Amino acid sequence: MSTRLNAAVIGAGYWGPNLARNFRASPDWDLAAICDLDIERAQRAADSVGGVPVTSSLDDVLADPAIDAVAIATPARTHHAIVLAALDAGKHVIVEKPLADTRERGTEMVERARENGLVLMADHTYCYTPAVLKIRELIEEGALGDILFVDSVRINLGLIQPDVDVFWDLAPHDLSIMDFILPGGLDVASVSAHGSDPLRTGKACIGYLAMPLAAGGIAHVHVNWLSPTKIRQMVIGGTKRTLVWDDLNPQQRVSVYDRGVDLALQSKETADTRAANISYRLGDTWAPALPEREALANVAGEFASAIREERAARTSGESGLRVLSVLEAASASLSASGSPSPVESYIKEVQEA
Ligand SMILES: NC(=O)c1ccc[n+]([C@@H]2O[C@H](COP(=O)([O-])OP(=O)(O)OC[C@H]3O[C@@H](n4cnc5c(N)ncnc54)[C@H](O)[C@@H]3O)[C@@H](O)[C@H]2O)c1
């Protein structure tokens, strides 16, 4: 093992203490400081991990030459300024989802990291769960065949956020998972969004996203802060098998169904022959064994490996940007009563430049 790296956690509200605990426990990292504008919060987080220096000054953290990297868990609207300051101070950065509050700001962050030769990683935590790592592996080895549809449901009684709607709060999870598991990443040309604010909170609390996938497939995301029942489920249908991931079922989070519809196409079809050529596969269901490991432990390990190997992280700034591109198109579609809105592609822009 090479020498340990030094990290500081910025933001010690709800999520920051989880980052602090995992950086503290990681064999790759020393937790050098916790920073929050509210010093008492920083102190509580520090006490919960057995004592770490605390500060309310971001400038002090960034001026400390011993600190290699920062993990930023402040509200989305603050990410842009804090990330740019950290990158300009020569620190590697992991930043919470969503990468930024606009695609333009996210693009500037990704470009600054590239110019400065530093790692910018998005904390797309779910991508590092044993379940999602297994799903990615199964899709990559062809166990599901070509992907026909993805249907993702993330609903519960959620905290209505002051600065973002339910799409920007919850859908980054679904979109970043799709970006991680789908061959070629989250490569969608357009998105249609429907949202509702039945309690008049001022922002959509219930949302539906539909995105055509390449080769005729479709991805759908349902997010909801007003559901009294909690559901975290993704169904991924392929030409060979269908996978169901139920994150709230620890006994069997992932099930693979050897079931589906086969359609043998013939050159001259009538309604009758079409019906005759459809057959149903009703095979076995199996559940892959999954290791028990906290996703954030894998996140901390991946961040250190990306820095040491001078490579992009598996959930890079670019992946954060692909998620922002869909979110921004979803907001445009929402304002246009659900009409499909084109998704800007950062990668295409770079290739064309
Ligand atoms: N990866 C996940 O699963 C996951 C889960 C929850 C939240 N998040 C993300 O984490 C981020 C933070 O969310 P939260 O719910 O913890 O928010 P929060 O409001 O509970 O905490 C944010 C903290 O940041 C501090 N802060 C704000 N500006 C600061 C600055 N300039 N310098 C230092 N500290 C500053 C605030 O004082 C506050 O304590 C958001 O981007 C959110 O989307 C990610």
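Structure values in brief
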| item | result |
| --- | --- |
| Student exercise, the chain dipole from Lys, Arg, Asp, Glu Cβ charges, in Debye to nearest 20 | 820 debye |
| Volume per residue that the Cα convex hull of the range 1-122 spans, once the total is divided by residue count, Å³ | 92 Å³ |
| Alpha carbon centroid spacing (whole Å) that separates the range 161-233 from the range 1-44 | 30 Å |
| Contour excess over end-to-end distance, with Cα ends at residue 39 and residue 77 and 0.36 nm allotted per residue | 11.6 nm |
| Net charge of neighbours whose Cβ lies under 11 Å from the Cβ of residue 152, counting Lys and Arg as +1 and Asp and Glu as -1 | -1 |
| Simple spin-label estimate for residue 189 and residue 310 in nanometres, 7 Å along Cα-Cβ | 4.0 nm |
| Extension gain from residue 240 to residue 114, taking 0.36 nm per residue of separation minus the Cα-Cα distance | 41.4 nm |
| Geometric extent, Cα atoms of the range 21-75 - Rg, Dmax (angstrom) | 10.8, 29 |
| Inter-site label distance for residue 263 and residue 218 at 7 Å from Cα along Cβ, in nm | 1.3 nm |
| Convex hull volume per residue in cubic angstrom - Cα atoms of the range 96-192 | 147 Å³ |
| Extension gain, residue 279 back to residue 249 (0.36 nm per residue minus Cα-Cα distance, nm) | 7.7 nm |
| Inter-label distance for residue 230 and residue 336, nm, one decimal - labels placed 7 Å from Cα along Cα-to-Cβ | 3.7 nm |
| Surrounding net charge for residue 213, when Lys and Arg each add one and Asp and Glu each subtract one, Cβ distance under 15 Å | -4 |
| Zero-based 20 Å bins, Cα pair distances in the chain, whole percents | 28, 56, 14, 2 |
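Each reported figure results from applying straightforward, stated rules to the coordinates on display, with no laboratory input. If you're wondering where the values come from, they're calculated on a predicted model, not measured in any experiment. FYI the Cβ positions are ideal-geometry reconstructions off the backbone, even for glycines, and counts take in every protein chain you see.
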